[in-house]
1. Is it the case that LEU86 is under 24 Å from LEU29 (Cα atoms), in contact with a helix residue (DSSP H, G or I) (Cβ under 9 Å, 6 or more places away or on another chain) and not polar (S, T, N, Q)?
2. Under 6 Å between Cβ atoms, which residue pairs at least 6 apart in sequence (or on different chains) link something in the range 10-35 that is in contact (Cβ under 8 Å) with a residue 60 or more places away in the chain and in the same structural domain as ALA66 (by TED's automatic domain parsing) with a partner that is of a type in the set (Gly, Ala, Ser) and buried (at least 19 other Cβ atoms within 10 Å of the Cβ)?
3. Determine whether THR9 is surrounded by fewer than 16 Cβ atoms within 10 Å (Cβ to Cβ), assigned to a strand (DSSP E or B) and among the polar types (S, T, N, Q).
4. Would you pick out the residues in the range 31-42 that are out of contact with any strand residue (DSSP E or B) (no Cβ under 8 Å at 6 or more places or on another chain) and more than 12 Å from ILE77 (Cβ to Cβ)?
5. Scan the range 80-94 and tell me whether some residue there is in a helix (DSSP H, G or I) and loosely packed, with under 14 Cβ neighbours inside 10 Å.
6. So for the range 145-153 (the condition being of a type in the set (A, V, I, L, M) and either in contact with a strand residue (DSSP E or B) (Cβ under 9 Å, 6 or more places away or on another chain) or surrounded by fewer than 16 Cβ atoms within 10 Å (Cβ to Cβ) (or both)), does at least one residue qualify?
Amino acid sequence: MSKMHLKMTVNGAEVETLAEPRELLIHVLRERLNLTGPHIGCDTSHCGACTVDMNGKSVKACTVVAAQANGASITTIEGLGTPDALHVLQRMFREHHGLQCGFCTPGMITRAWRLLQENPNPTEEEVRFGMSGNLCRCTGYQNIVKSILAAAAEMNAVKEAAE
């Protein structure tokens, strides 16, 4: 199969690579762009470990083909924070024990980021519903929900202080 020239904005940077048109976005991100934050979990879109933000929507990168991502703007966990400057969601997941093994965490945080963009002040029920496409086999979800609600509160407090 011939490869296509793929251009995307990933984590704010313009990138170009060659990919087979039906190659999955998760493989392009991990194998061609060396962004290993999004994980390959189930390859069926059920677990959410591969969740990234594409053109303002949460998507499961295991169900997006390279041709669909051409020209897209994509944010992965690597685009949300750094080890020296964690995003508030990353800090809250750490502080509120929203992770255990960590396998689902990049997809959880990336999805939570979009959820808070869409609804900056969600209820517990809205968080649970909004995160229902991302599975965790370790935590029981309570601390994930607490982490997201704490992040929302801090983000809102920062926003109010700036106004």
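1. Judged against the criteria, LEU86 is a match.
2. ASN11/GLY79
3. Values: surrounded by fewer than 16 Cβ atoms within 10 Å (Cβ to Cβ): yes; assigned to a strand (DSSP E or B): yes; among the polar types (S, T, N, Q): yes.
Here the answer is yes, as THR9 does meet what is asked.
4. So the first thing to find is which residues in the range 31-42 are out of contact with any strand residue (DSSP E or B) (no Cβ under 8 Å at 6 or more places or on another chain), and the list is 31, 34, 36-37, 39-42.
Within the range 31-42, GLU31, ASN34, ILE40, GLY41, CYS42 qualify.
5. Yes, the range 80-94 contains at least one residue that is in a helix (DSSP H, G or I) and loosely packed, with under 14 Cβ neighbours inside 10 Å.
6. Of the range 145-153, the ones of a type in the set (A, V, I, L, M) are 145, 148-153.
Subset that is either in contact with a strand residue (DSSP E or B) (Cβ under 9 Å, 6 or more places away or on another chain) or surrounded by fewer than 16 Cβ atoms within 10 Å (Cβ to Cβ) (or both): 153.
There is at least one residue in the range 145-153 that is of a type in the set (A, V, I, L, M) and either in contact with a strand residue (DSSP E or B) (Cβ under 9 Å, 6 or more places away or on another chain) or surrounded by fewer than 16 Cβ atoms within 10 Å (Cβ to Cβ) (or both).
Yes or no, residue by residue, for (1) hydrophobic (A, V, I, L, M, F, W, C); (2) touching a Pro at 6+ places or on another chain (Cβ under 8 Å); (3) at pLDDT 95 or above; (4) in the same structural domain as VAL10 (by TED's automatic domain parsing):
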| residue | (1), (2), (3), (4) |
| --- | --- |
| LEU99 | yes, no, no, no |
| ILE109 | yes, no, yes, no |
| GLN117 | no, no, yes, no |
| PRO120 | no, no, yes, no |
| GLU126 | no, no, yes, no |
| MET131 | yes, no, yes, no |
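The values are calculated or read from the model by the stated rules, or taken from the named source; none is laboratory data. Small disclaimer: the values here were computed from a predicted structure and weren't measured. Please note: Cβ atoms are built from the backbone with ideal geometry, for glycine as well, and neighbour counts cover all protein chains shown.
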